[in-house]
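Student: Below you will find the structure I want to go over with you.
The values are calculated or read from the model by the stated rules, or taken from the named source; none is laboratory data. Treat the numbers as computed from the prediction; the structure is a model and nothing was measured. Heads up, the Cβs are rebuilt from the backbone with ideal geometry, glycines too, and the neighbour counts pull from every protein chain shown.
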Amino acid sequence: MAALPLNDDHPVRRVPVVAYTLIAVNVLAYLASPQAATAVWYPADIIGRYCAIQDYFMFWGAIPAEILGRVDQVPHAVPGCGPLGDKPVWLSVVTSMFLHSGPVHLIGNMVYLFVFGPVVEDRIGGLRFAVLYVLTGVAAVYGFALTDVEGTVPMVGASGAISGVLGAYLVVQFRSRVTMLVFVVIPMRLPGWAVVGSYFAFQYLLYVTTSSTPGADNGVAYAAHVYGFIAGVVAGLVVYRLRWRSGTRLSDVY
């Protein structure tokens, strides 16, 4: 990751309960997962832990061929591991948004949610922010699935939903300035619209280039980032439309 956001200069006037709760849920979900050393209830041996990790992602991750109904159910038996029970396919669309492959994956996503989430929540209200997060995350999952309709590799991560938050940020609070840590050492203060706009442009470029080159995506669901961001922009515009029709200021809503 070439740059990480450090802070946004928009003064948040109330504690962003929803944003902080989402961060806590993501962190706790990782700490309770088999890839975390804190989850001591999983097998300690290498093979047992490997099977636990694979089964965990297959069961709770969103598998494109499953959620699109291309097959009744993708075989869950991981070679060398035991079979899984019945999977709640519809639920995996949501649970996949709270799973992460490792600490770097988790921290990178949570940093973006910590910087941009409170700002968007402050602008549109906690309830609307929670709905936006979940719906744009779902849109990201299905958007990715439609680009890989026969896929049997589970998709995990909060980046689709967080991309939705960035898309909404572009609509509701693009005037802010964001301090970015470029190349992990150089702090730069940039317009908010430039930060999230360049994020989308970069993700779209990666999506286009990797989709035409098999195996070039390195396991990153760039399509989910693109569709999540677009869904966030649409959601942000809808919120503004509702505000205009009702005559209510966004800052008065919670």
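Student: Looking only at region 144-191, count how many residues are over 14 Å from Val220 (Cβ atoms), modelled with pLDDT of 90 or more and among the small types (Gly, Ala, Ser).
Tutor: Within region 144-191, residues that are over 14 Å from Val220 (Cβ atoms), modelled with pLDDT of 90 or more and among the small types (Gly, Ala, Ser) number 5.
Student: Determine which member of the set Ser159, Ser176 is polar (S, T, N, Q), crowded, with 23+ Cβ neighbours inside 10 Å and within 19 Å of Ala19 (Cα to Cα). Working first, answer last.
Tutor: Working: Ser176 fails: crowded, with 23+ Cβ neighbours inside 10 Å.
After ruling out the rest, the residue left standing is Ser159.
For every residue, the table says whether it meets (1) at pLDDT 90 or above; (2) within 19 Å of the chain's Cα centre (by Cα); (3) not polar (S, T, N, Q).
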residue	(1), (2), (3)
Leu4	no, yes, yes
Arg14	no, no, yes
Ala19	yes, yes, yes
Ala24	yes, yes, yes
Pro34	yes, no, yes
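Student: Right, here's the next one. Would you mind stating whether Val25 is crowded, with 16+ Cβ neighbours inside 10 Å and either among the hydroxyl-bearing types (Ser, Thr, Tyr) or closer than 22 Å to Val111 by Cβ (or both)?
Tutor: Details: crowded, with 16+ Cβ neighbours inside 10 Å: no; either among the hydroxyl-bearing types (Ser, Thr, Tyr) or closer than 22 Å to Val111 by Cβ (or both): yes.
Answer is no for this residue.
Student: On to the next question. Identify, by number, the condition in (1) in a loop (DSSP other than H, G, I, E, B); (2) under 27 Å from Leu170 (Cα atoms) that Asp86 doesn't meet.
Tutor: Of (1) in a loop (DSSP other than H, G, I, E, B); (2) under 27 Å from Leu170 (Cα atoms), only one is false for Asp86: (2).
Student: Can you pull out the residues in region 99-109 that are over 15 Å from His225 (Cα atoms) and surrounded by fewer than 21 Cβ atoms within 10 Å (Cβ to Cβ)?
Tutor: Ser101, Gly102, Pro103, Val104, Ile107
Student: Taking the criterion of being touching a Phe, Trp or Tyr at 6+ places or on another chain (Cβ under 7 Å) and at pLDDT below 85, would at least one residue in region 241-248 satisfy it? I'd like the intermediate steps shown before the answer.
Tutor: Applying the first criterion (touching a Phe, Trp or Tyr at 6+ places or on another chain (Cβ under 7 Å)) to region 241-248 yields none.
Within region 241-248, none of the residues are touching a Phe, Trp or Tyr at 6+ places or on another chain (Cβ under 7 Å) and at pLDDT below 85.
Student: On to the next question. Take the conditions surrounded by 12 or more Cβ atoms within 10 Å (Cβ to Cβ), farther than 22 Å from Thr147 by Cβ, without any contact (Cβ under 8 Å) to a residue 60 or more places away in the chain and not hydroxyl-bearing (Ser, Thr, Tyr) and apply them to Ile46. Does it pass?
Tutor: Against the criterion (surrounded by 12 or more Cβ atoms within 10 Å (Cβ to Cβ), farther than 22 Å from Thr147 by Cβ, without any contact (Cβ under 8 Å) to a residue 60 or more places away in the chain and not hydroxyl-bearing (Ser, Thr, Tyr)), Ile46 does not qualify.
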